[in-house]
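Just below is one structure, and these are the notes that go with it.
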Amino acid sequence: MDGLARLEYRGYDSAGIAVLSDGRLQTEKRAGKLANLRAALDHNAPAADGIGIGHTRWATHGPPTDVNAHPHVDHDNRVAVIHNGIIENFAALRLELEERGCKFTSETDTEVTAHLLAAELHDRGDNDLAAALRSVCRRLEGAFTLVAMFAEEPDLVVAARRNSPLVVGRGEGENFLASDVAAFIAHTRDAVELGQDQVVELRADSVTITDYDGNPAEVREYHVDWDASAAEKGGYEYFMLKEIVEQPRAVADTLLGRVGVDGTLTLDEMRLAPSELRDVEKIVIIAAGTSFHAGMIAKYAIEHWCRVPCEVEVASEFRYRDPILNRQTLVIAISQSGESMDTLMAVRYAREQRARVLAICNVNGSTIPRESDGVLYTHAGPEVGVAATKTFLTQLVACYLVGLYLAQVRTVKFGDEINAVIAQLANMPEQVENVLATIDPVRQLARSLSDASTVLFLGRHVGYPVALEGALKLKELAYMHAEAFAAGELKHGPIALIEDGLPVVVVVPSREGRGVLHDKIVSNIQEIRARGARTIVIAEEGDTAVHPFADELIEIPAVPTLLQPIISTIPLQVFACELALAKGNDVDQPRNLAKSVTVE
Ligand code: F6R
């Protein structure tokens, strides 16, 4: 149950467990959050002296009811199965099984696997659960991690994966399986990552990993560099609150060891040689959600510093539009979890087209970095709150590092210019700290707006993706209508939305350089204010030009425009979090969401 609690961020529509005790499978499952299952178990705990499996669900097929919760069992209650992902050919398999006399109790795609396993075991007649699972997997289409137990094998858990994540935790006299190391980190930090299409047989004292044909498989063992305390709330009511406060450290850790005193950058794990980077003719960034916003910001920085054309696209659209890629294309896949199915599929597509793929990722051992040519890890530590906060800031840092490294390698700008930016980047943890030290008024402001029905966000240049991120945070946490626009687009339509008292958050670019962008947005603020908007202005300290037009002013330190998103995002995170809390929402587990979206 503690392991499940650590995985609950991945899905919280229902939860269930199955344990094998005295040769009997006992299953308990409940719709809703894990607390419901805990309460049920308090009344009726099965004797748990053997092995067990458990699951928290993010519903795909069938609503979140007790019946649809996992584990699922065959009709003789001999086999129990849990599953992440989607079995795409489940309808045909279900029909086949029904013709064979199987009675289904749920609406899930998962249940077919329990019946298929039982049928396979019956046909084989040898009780070889791993062999039966291999045969079943060969028949399945789609994405899955499957974990199964069999009443005749009281010491054995078997599992298989295709596209969805699965890691093994190796303990002493005990072993674990989970979709994320967080589940077993309290017991062991020694992990084994499972590759694509592999099956694992897990006993207390042995771990055997094979491919779907039963051949021994190659695996990578690694040691997790954080411990259980990093995934605790540490005195905060919500993980999200803690993770926002951890941002100076997360940003510093992502820079650590990568920036030399003389400005040289060391990005060893990138595994892309300078000669390969010099040959790059186009960069394509693919990502989803918040990671996509990091990618949008990266485009501005990379094109400016490196003078290489850079496109950015949501991963779910990418491979369906026949994009133009070749050996000279560098694809950068940004994913906190390293498991988002849309991004993973885009990575595979890009590699098929012979593009080089660099992953920017926070989770060691996850699928996307494993399948990429190189990786740059963000060192944000575990992020449990479903809404991305500290991982977004560290993604920005990683993107800037890649951009600056490329600029150094390709020498299109004067070294001094790039070194100056690197020095400013190295100073960002302190600036993040400064923003957090003065954030309280944002909390009060957010609480005063808890009755608003809509909030608009405006930005220009890198402030535009920041505005998009602010709107996304507000939607996912406060369940409010929020939209972001490039401020210059306003007059092309959205300005019609402005009415008396409508809160509009404006991210004002720094006054650096000629300040052209800055002056244009000051005009935009006046335009919306003249039409009744309540302007909430995020601007750098001492920017007196905005003062007359700001109904509410949020000041941030003055930093170079391209780096400003690292700090201008923070008030928006706090704004959304506080507004959601004022509405009584659970900011760690917002409705309908899951942190790692492992289905397409
Ligand atoms: C928003 C959020 C999501 C993720 C998106 C991509 O707060 O967390 O939008 O950013 O699902 O996830 P990763 O980065 O794990 O690929």
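Could you list, in sequence order, the residues of segment 200-218 that are over 21 Å from GLY3 (Cβ atoms), open to solvent by less than 70 Å² (accessible area, probe 1.4 Å) and not aromatic (Phe, Trp, Tyr)? Scanning segment 200-218 gives THR208, THR210, ASP211, GLY214, ALA217. So is LYS282 over 25 Å from GLN573 (Cβ atoms) and among the charged types (D, E, K, R) or not? Considered against the rule, which asks whether it is over 25 Å from GLN573 (Cβ atoms) and among the charged types (D, E, K, R), LYS282 comes out as yes. Residues in segment 275-293 that are within 16 Å of the ligand (Cβ to nearest atom) and in a helix (DSSP H, G or I): GLY289, THR290, SER291, PHE292, HIS293.
Among the residues in segment 531-538, are any open to solvent by 60 Å² or more (accessible area, probe 1.4 Å) and assigned to a strand (DSSP E or B)? Scanning segment 531-538, I find at least one residue that is open to solvent by 60 Å² or more (accessible area, probe 1.4 Å) and assigned to a strand (DSSP E or B), so the answer is yes.
For segment 508-529, give me each residue that is farther than 16 Å from GLY463 by Cβ and either buried (at least 18 other Cβ atoms within 10 Å of the Cβ) or within 33 Å of the chain's Cα centre (by Cα) (or both). Listed by number, the list holds a single entry, ARG529. Within the bounds of segment 334-354, is there any residue that is in contact with a Lys or Arg (Cβ under 7 Å, 6 or more places away or on another chain), away from the ligand (no atom under 11 Å from the Cβ) and not in a helix (DSSP H, G or I)? Yes. Looking only at residues in segment 230-243 that are modelled with pLDDT of 90 or more and within 16 Å of the chain's Cα centre (by Cα), the one that is farthest from GLU433 (Cα to Cα) is PHE239. Condition check: of a type outside the set (D, E, K, R), in contact with a strand residue (DSSP E or B) (Cβ under 8 Å, 6 or more places away or on another chain), in a helix (DSSP H, G or I) and surrounded by 20 or more Cβ atoms within 10 Å (Cβ to Cβ). Does ALA114 satisfy that? Considered against the rule, which asks whether it is of a type outside the set (D, E, K, R), in contact with a strand residue (DSSP E or B) (Cβ under 8 Å, 6 or more places away or on another chain), in a helix (DSSP H, G or I) and surrounded by 20 or more Cβ atoms within 10 Å (Cβ to Cβ), ALA114 comes out as yes.
Any residue at all in segment 376-390 that is closer than 21 Å to ALA273 by Cβ and in contact with a helix residue (DSSP H, G or I) (Cβ under 8 Å, 6 or more places away or on another chain)? The answer is yes, given that some residue of segment 376-390 is closer than 21 Å to ALA273 by Cβ and in contact with a helix residue (DSSP H, G or I) (Cβ under 8 Å, 6 or more places away or on another chain).
The conditions are (1) touching a residue at least 60 places away in the same chain (Cβ under 8 Å); (2) buried (at least 24 other Cβ atoms within 10 Å of the Cβ), and PRO560 fails exactly one of them. Which is it? Here PRO560 meets the rest and fails (2).
Residues in segment 333-361 that are over 10 Å from ILE286 (Cβ atoms) and among the β-branched types (Val, Ile, Thr): ILE360 alone.
Scanning segment 459-507 for residues being open to solvent by 30 Å² or more (accessible area, probe 1.4 Å) and part of a loop (DSSP other than H, G, I, E, B) gives a total of 7.
Which of the residues that make up segment 355-370 are over 17 Å from GLN395 (Cβ atoms), at pLDDT below 95 and away from the ligand (no atom under 13 Å from the Cβ)? Selection gives GLY365, ARG370.
Is there a residue being in the same structural domain as ALA47 (by TED's automatic domain parsing), within 24 Å of GLU88 (Cα to Cα), in a strand (DSSP E or B) and more than 21 Å from the chain's Cα centre (by Cα) anywhere in segment 181-199? Yes.
When the test is whether a residue is open to solvent by 10 Å² or more (accessible area, probe 1.4 Å), of a type in the set (Ser, Thr, Tyr) and under 19 Å from THR264 (Cα atoms), TYR349 does not pass it. Considering every residue within segment 309-324, establish whether at least one is at pLDDT 95 or above, within 12 Å of the chain's Cα centre (by Cα), open to solvent by 10 Å² or more (accessible area, probe 1.4 Å) and within 14 Å of the ligand (Cβ to nearest atom). Within segment 309-324, not a single residue is at pLDDT 95 or above, within 12 Å of the chain's Cα centre (by Cα), open to solvent by 10 Å² or more (accessible area, probe 1.4 Å) and within 14 Å of the ligand (Cβ to nearest atom).
Quick check: is even one residue across segment 297-306 open to solvent by 70 Å² or more (accessible area, probe 1.4 Å) and within 16 Å of the ligand (Cβ to nearest atom)? No; the residues of segment 297-306 include none that is open to solvent by 70 Å² or more (accessible area, probe 1.4 Å) and within 16 Å of the ligand (Cβ to nearest atom). Inclusion of VAL421 among residues that are aliphatic (A, V, I, L, M), more than 16 Å from the ligand (Cβ to nearest atom), open to solvent by 10 Å² or more (accessible area, probe 1.4 Å) and farther than 16 Å from ILE566 by Cβ is not warranted. Within this structure, ASN163 fails the test of being out of contact with any helix residue (DSSP H, G or I) (no Cβ under 6 Å at 6 or more places or on another chain) and open to solvent by 40 Å² or more (accessible area, probe 1.4 Å). When VAL79, VAL73 are screened for being surrounded by 15 or more Cβ atoms within 10 Å (Cβ to Cβ) and out of contact with any Phe, Trp or Tyr (no Cβ under 7 Å at 6 or more places or on another chain), only VAL73 passes. What about LEU579, is it at pLDDT 95 or above and either open to solvent by 60 Å² or more (accessible area, probe 1.4 Å) or closer than 20 Å to HIS293 by Cα (or both)? No. Does any residue of segment 48-60 turn out to be in the same structural domain as HIS122 (by TED's automatic domain parsing), open to solvent by 50 Å² or more (accessible area, probe 1.4 Å) and free of Cβ contacts under 8 Å to residues at least 24 places away in the same chain? Checked against the condition, which is being in the same structural domain as HIS122 (by TED's automatic domain parsing), open to solvent by 50 Å² or more (accessible area, probe 1.4 Å) and free of Cβ contacts under 8 Å to residues at least 24 places away in the same chain, segment 48-60 yields no hits at all. A single entry from GLU120, GLU96, GLU107 fulfils the requirement of being closer than 28 Å to GLN196 by Cβ, open to solvent by 20 Å² or more (accessible area, probe 1.4 Å) and out of contact with any helix residue (DSSP H, G or I) (no Cβ under 6 Å at 6 or more places or on another chain): GLU96.
The values are calculated or read from the model by the stated rules, or taken from the named source; none is laboratory data. These numbers were taken from a predicted model, which means no experiment stands behind them. Virtual Cβ from ideal backbone geometry, glycine too; neighbours counted across all protein chains shown. Calculation scope for accessible area: heavy atoms of the full protein, side chains included, ligands and nucleic acids excluded. Shrake-Rupley method; radii C 1.70, N 1.55, O 1.52, S 1.80 Å.
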